[in-house]
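Written out below as structure tokens is the structure these notes cover.
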Amino acid sequence: MSLKRPMSLFRPRRGPDPSILAEHRALIEEIDRRKLLRGAVSLGALSMLTGCNIAEQPQVQSVLRAVSSFNDRVQEAIFDPNKLAPTYSVDQVVKPPRFNAYYEIENVRPVDVSGWKLELAGLVADKRPWTLDQIYALPEQEEIIKHICVEGWDYIGQWSGPNLRQFLTRVGADLSAKYVAFHGNDDYLEVIDMPSALHPQTILATKYAGEPIADPFGYPLRLRTAVKLGFKNPKWIRAIEVTNVYQEGFWEKQGFNWFSGL
């Protein structure tokens, strides 16, 4: 099985004028002072704010990398694996869900499900692949939760599918491992910590609003967890890997926090 790493579709941008440091020095100092225990302000977020690839500035990079690492450690330390996220009513559900990816909707590559199988890798006892029919036959769990994007927008969605903890237990995954990695059909890679994977509201979503998830929203399988920002919920999952080795995901390569909890 090939577990490929994601490739960026973005063109490299020219570095900012050196005056950008002076212009945003107050913001940088405020970031360092407050430590930003919530949210995902990081190299990527500040790059959006300034409109340039500020990661190329070594003076800023060292400060923000330290702050980002601090944020991750604090969020991981204070995460409560049993605390439930807010849920909502059916009449608040947005239909269809909002599309988001690291490329435009026109570039979505539909999955041919005629031969689709979910591959398993890493610290898993039973690595036999799963067909879509086998996944559909598992007990469903419904979650009406809020999708929160790091860009600042959100919507309430109605997702259903197998509970991830129950699935990992069924295939004999090592639940003491550190990470669960999800490999998408679009070569998107995302990694979450094991406690978040085992959270009661983390599911392998196969349906939205009671119907199979349609393209371009991740058909036939996507992660849906109530305890992570939107980009930590990969779509078009083709493989799940349980591991103790951290793999940097697409957005983490752009400078966003890896933990990115809510």
message: So in region 135-153, with the set limited to residues that are surrounded by 13 or more Cβ atoms within 10 Å (Cβ to Cβ) and farther than 14 Å from ALA205 by Cβ, which one is modelled with the lowest pLDDT?
response: VAL150
- line: ALA214 meets each of (1) over 15 Å from ASN185 (Cα atoms); (2) surrounded by fewer than 23 Cβ atoms within 10 Å (Cβ to Cβ); (3) of a type outside the set (Phe, Trp, Tyr) with one exception, condition (1)
query: Can you pull out the residues in region 182-199 that are part of a strand (DSSP E or B) and not acidic (Asp, Glu)?
result: PHE182, HIS183, GLY184, LEU189, VAL191, ILE192
query: Of all residues in region 200-216 being at pLDDT 95 or above and assigned to a loop (DSSP other than H, G, I, E, B), which is farthest from the chain's Cα centre (by Cα)?
result: GLY210
- prompt: Would you pick out the residues in region 82-95 that are loosely packed, with under 14 Cβ neighbours inside 10 Å and not β-branched (Val, Ile, Thr)?
  reply: ASN82, LYS83, LEU84, PRO86, SER89, ASP91, GLN92, LYS95
task: Scan region 122-147 for residues that are touching a Lys or Arg at 6+ places or on another chain (Cβ under 9 Å) and within 22 Å of HIS199 (Cβ to Cβ) and report the count.
output: 7
field: Selection count, region 233-256, where residues are of a type in the set (S, T, N, Q), more than 14 Å from ASP186 (Cβ to Cβ) and at pLDDT 90 or above
entry: 3
- prompt: Can you name every residue in region 107-134 that is polar (S, T, N, Q) and crowded, with 18+ Cβ neighbours inside 10 Å?
  reply: none
- prompt: Here are LEU49, LEU84, LEU37: which of them is modelled with pLDDT of 95 or more and either outside any helix (DSSP H, G or I) or among the aliphatic types (A, V, I, L, M) (or both)?
  reply: LEU84
task: Tell me, yes or no, whether region 157-179 has at least one residue that is β-branched (Val, Ile, Thr), at negative phi, buried (at least 21 other Cβ atoms within 10 Å of the Cβ) and over 14 Å from the mean Cα position of the chain (by Cα).
output: no
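The values are calculated or read from the model by the stated rules, or taken from the named source; none is laboratory data. None of these values were measured; they are calculated from a predicted model. A quick note on method: Cβ atoms are made from the backbone with ideal geometry, for glycine too, and the neighbour counts reach across all protein chains shown.
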